[in-house]
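First the structure, in the form of structure tokens, and then the observations on it.
The values are calculated or read from the model by the stated rules, or taken from the named source; none is laboratory data. Computed from a prediction, not measured in an experiment: that's the story for all the values here. Heads up, the Cβs are rebuilt from the backbone with ideal geometry, glycines too, and the neighbour counts pull from every protein chain shown.
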Amino acid sequence: MAYVNVAEWKPDQVTEWLKGLDTIVLPYIQSFLNNRITGQQILGFGPSDLELLGIKKIGHQEIILEGIEHLRSIHYELDRENLQLLALRLSCLSHSLHNELNQSHSESQRLTTQILADIANIVTCVKPLISWLDRPGFSGQLEYTETRSQVLSLGLRMAICGQRDRFAEAPVIDMRDASSKLAKLTDSIVQDMTDPLILQPASLELATVKKRSSDDLVSTISAF
């Protein structure tokens, strides 16, 4: 279990977390308090749960849901997630998409709803991989910098085409090529990189800032 056990958060800890997301969600804090929303509850929240709390604007929901996704990652994945595992997940999705496009789509076809959903899943998996490559130990090293650039480029290419394929003249050909390149690139992270750092799980630092007086702050940092 990660050092920050979100499932044990009490309602006041949930609202403190909300305050750090964006000022735009501040009007909803009282609703969370009134309904005594705990950390265990918020880990399972979806759009319908937010609507019940009076959060109906899509943009406001997206901010909170993105924050919840990060909480889930911290709570469930932090102690075992590493760069190689993220690359392996992305490789599997990319290979699967490439094979599906080869078998069931002619070059003149538009992309099916399922294929668009698969592209969205790939783009979602690209985000944490990029985040890892931006971390100390990876950022600034030529090999990882080049890998990050290529993964990001392919992810953006797939995201643009995945917008109902309106931006691509030949979406099947384009996605077949992009998924193939992304599969090979992520395979190289898993198979060819020998740096033991790619197997190292994340560490988490917790900063606690306490106000001692009007002009004096005490801060403590715990790491592991």
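Just one of the numbered conditions (1) under 23 Å from the mean Cα position of the chain (by Cα); (2) within 21 Å of residue 83 (Cβ to Cβ); (3) not in a helix (DSSP H, G or I) is not true of residue 194; which one?
For residue 194, the failing item is (1).
From the set of residues in the range 52-97 that are of a type in the set (Asp, Glu) and modelled with pLDDT under 90, which is farthest from residue 30 (Cα to Cα)? Steps first, answer last, please.
Just the residues of the range 52-97 that are of a type in the set (Asp, Glu), to begin with: 62, 66, 69, 77, 79, 81.
Filter again for modelled with pLDDT under 90, leaving 66, 69, 77, 79, 81.
Working: 66: 20, 69: 22, 77: 30, 79: 33, 81: 34 Å.
Among them, the one singled out is 81.
Which of (1) without any contact (Cβ under 8 Å) to a residue 12 or more places away in the chain; (2) crowded, with 18+ Cβ neighbours inside 10 Å; (3) small (Gly, Ala, Ser) does residue 91 not meet, given it meets every other one?
Evaluating residue 91 over (1) without any contact (Cβ under 8 Å) to a residue 12 or more places away in the chain; (2) crowded, with 18+ Cβ neighbours inside 10 Å; (3) small (Gly, Ala, Ser) leaves (1) as the failure.
Residue by residue, here is whether (1) in contact with a Pro (Cβ under 9 Å, 6 or more places away or on another chain); (2) aliphatic (A, V, I, L, M); (3) not assigned by TED's automatic domain parsing to the domain that holds residue 184 holds:
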| residue | (1), (2), (3) |
| --- | --- |
| 24 | no, yes, yes |
| 32 | yes, no, yes |
| 49 | no, no, yes |
| 57 | no, no, yes |
| 101 | no, yes, no |
| 116 | no, yes, no |
| 126 | no, yes, no |
| 129 | no, yes, no |
| 135 | no, no, no |
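How many residues, within the range 125-165, are assigned to a loop (DSSP other than H, G, I, E, B) and crowded, with 16+ Cβ neighbours inside 10 Å?
3
Those residues that are modelled with pLDDT under 90 and of a type in the set (Val, Ile, Thr), I need them from the range 106-147; list them, please.
Answer for the range 106-147, where residues must be modelled with pLDDT under 90 and of a type in the set (Val, Ile, Thr): 112, 113, 115, 124.
Do we find that residue 43 is under 22 Å from the mean Cα position of the chain (by Cα) and not small (Gly, Ala, Ser) in this structure? Reasoning before the result, please.
On the way: under 22 Å from the mean Cα position of the chain (by Cα): yes; not small (Gly, Ala, Ser): yes.
Judged against the criteria, residue 43 is a match.
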